[in-house]
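The structure under discussion appears below in the form of structure tokens.
The values are calculated or read from the model by the stated rules, or taken from the named source; none is laboratory data. Source: prediction; values computed, not measured. FYI the Cβ positions are ideal-geometry reconstructions off the backbone, even for glycines, and counts take in every protein chain you see. Please note that ligands, DNA and RNA were not included when accessible areas were found on the heavy atoms of the full protein model with its side chains. Shrake-Rupley method; radii C 1.70, N 1.55, O 1.52, S 1.80 Å.
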Amino acid sequence: MMRALRVILPIGLFAALIWFWGWAVEHWRIPPFILPPPRAILEVFVNDAQSLLGSAWTTFGITATAFVLAVVSGTALATLFASSRLAEAMLSPYAVTLQVTPIISIAPLVIVWVGLDQAWLAVLILAWISAFFPVLASATAGLKAVDPNLRDLFRLYRASFPQTFRRLLVPSALPYLLAGIKTAGGLALIGAVVAEFAAASGNTNGLAWRILEAGNRLQIAKMFAALILLALMGILIYAVLSFIEWLLLHRWHGDTRSRA
Amino acid sequence: MTHELQLDRLGKTFQNGTPALDEISAHIGAGSFVALLGPSGCGKSTVLRLIAGLDEPTRGRVLWPSGRAALGFVFQDPTLMAWASATRNVSLPLDLAGRPAPEARARALTALEKLGLGAFAESLPRELSGGMRMRVSIARALVASPDVLLMDEPFAALDEFTRSRLNEDLLRLWAERGFTGIFVTHSVFEAVYLAQRILILGGRPGRLVADLTNPAPYPRGRDYRTSAGFNALAREILDVLEGVSG
């Protein structure tokens, strides 16, 4: 009963809201350039499917690439930090500075540097910067959270660094790293969208550009359509990463049944 | 093959300047079972870490007259890899030494069976009880047939029943395998039950305050725990400890 309600209630609420939206637009005669009816948004999806999906694909491609780059580079730098305190002392202030500087304020500079004709590269760099830090921070925390006794045990058996890395550091850090990776997935998308806004150029051609374009032409229904696609993309990224986390961790990290 | 070792005026001052150990000198014979006994904070664990080479002494040294021994170490916590099965945990020393995987696995299974955990070979640590986890930890320490087994209050967190069962298992394994056993504990009764020789540490920084021999023969059954000899030795140790803290 409770389980059925958990599914039925959100869907029911969604249907009710959509119905009320359509009713309200008609009843109060809200002009479509303020709030289009749901039907108009559906029409945009059908009529402009090709350009919307093309843009979604562009944004998704850049987000995914930035995300993969962030995971690889963040983990690599965290490993360097874990193996050398000197490297951490030297580099971590720069990593933190890069993180706390609002991405939107770096965007114009990055766009100037790479050139507006390569706006996609600027978007990629900015999305990567956004996603990089949570990976670095979580991987560093994870690598530092290794059980000191296990560390001693590996030393006692004269384990080499590659052995210690593969058998101890990676599995110990994995739960932390995966939490950071989940955050990074969302931030890569946010970074990509913010950068596309900042570039404000047809060269980028992503969903954020579609939103700007539709806004300039007062095609509010199209704005909504692009917005919905972005939200769905965010949900998809989160769901896939959560599934990967569950896949890797549920066996040893999941429920804590224990034999007394 | 067992190894003797010599603690030669061993001293340790921590990096923050806290003196942990004064001059500790003792010879530990090959194949003997020695308990390091003393109140918390007297440097027992430090001695063990110095023997294991996990810390460097500030003064003095640990000598191995018959060559550097292969060591096993049992920590106070089971210290298992949460993501690995009991077998994979136990085979770790062999895996790190580069033994072929099938051999490592077979030896790990044998070690687990010796400790009564044959049915739990594929269980993860969280699926085992505290006592079972400690057995896995002991199996891991013994799987590579160490010459010297170092144990740092391994049973302190266990209930009394499990603890005495594991004490009996430990003595059985010692008799079978003939390693040199060094057992850190703050339990007088555990020290008396297990050891041939009891080194009592006390004070801050820790120093050797007594070196007692327990002549009771092995195997020591349950009756030994309630015998007159057991009580007399326990009494003697308690008096020494009283003197140290007073």
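Data for the structure
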| item | result |
| --- | --- |
| Number of positions in region B:53-68 that are within 12 Å of another protein chain (Cβ to nearest Cβ) and in contact with a Ser or Thr (Cβ under 9 Å, 6 or more places away or on another chain) | 1 |
| Residues within region A:133-155 that are within 7 Å of another protein chain (Cβ to nearest Cβ) and open to solvent by 50 Å² or more (accessible area, probe 1.4 Å), tallied | 2 |
| Failed item in (1) touching a residue at least 40 places away in the same chain (Cβ under 8 Å); (2) within 23 Å of residue B:192 (Cα to Cα), with residue B:9 passing the rest | (2) |
| Filter result for residue A:224 (away from every other protein chain (no Cβ under 14 Å), part of a helix (DSSP H, G or I) and modelled with pLDDT under 90) | no |
| Boolean, residue B:7 is surrounded by fewer than 23 Cβ atoms within 10 Å (Cβ to Cβ) and more than 12 Å from chain A (Cβ to nearest Cβ) | yes |
| Qualifying positions in region A:156-174 - facing chain B (nearest Cβ under 8 Å) and of a type in the set (Lys, Arg) | A:158, A:167 |
| Subset of region A:182-223 (residues that are free of Cβ contacts under 8 Å to residues at least 24 places away in the same chain and charged (D, E, K, R)) | A:213, A:217 |
| Matching helices (runs of 4 or more DSSP H) fully within region B:124-223 where at least 3 residues are within 14 Å of another protein chain (Cβ to nearest Cβ) | B:130-142 |
| Matching option when the condition is among the β-branched types (Val, Ile, Thr), surrounded by fewer than 16 Cβ atoms within 10 Å (Cβ to Cβ) and more than 30 Å from residue B:128 (Cα to Cα), among A:194, A:240 | A:240 |
| Conditions (1) among the aliphatic types (A, V, I, L, M); (2) part of a helix (DSSP H, G or I); (3) farther than 30 Å from residue A:120 by Cα: number failed by residue A:34 | (2) |
| Residue list for region A:78-87, restricted to those being open to solvent by 40 Å² or more (accessible area, probe 1.4 Å) and in contact (Cβ under 8 Å) with a residue 40 or more places away in the chain | A:82, A:83 |
| Subset tally (residues that are open to solvent by 50 Å² or more (accessible area, probe 1.4 Å) and either in contact with a Pro (Cβ under 8 Å, 6 or more places away or on another chain) or facing chain B (nearest Cβ under 8 Å) (or both)) for region A:175-186 | 1 |
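Okay, residues lined up against (1) farther than 26 Å from residue B:215 by Cα; (2) under 14 Å from the mean Cα position of the chain (by Cα); (3) assigned to a strand (DSSP E or B); (4) at pLDDT 95 or above:
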{"residue": "B:23", "(1), (2), (3), (4)": "yes, no, yes, no"}
{"residue": "B:54", "(1), (2), (3), (4)": "yes, no, no, no"}
{"residue": "B:57", "(1), (2), (3), (4)": "yes, no, no, no"}
{"residue": "B:82", "(1), (2), (3), (4)": "yes, no, no, no"}
{"residue": "B:89", "(1), (2), (3), (4)": "yes, no, no, yes"}
{"residue": "B:99", "(1), (2), (3), (4)": "yes, no, no, no"}
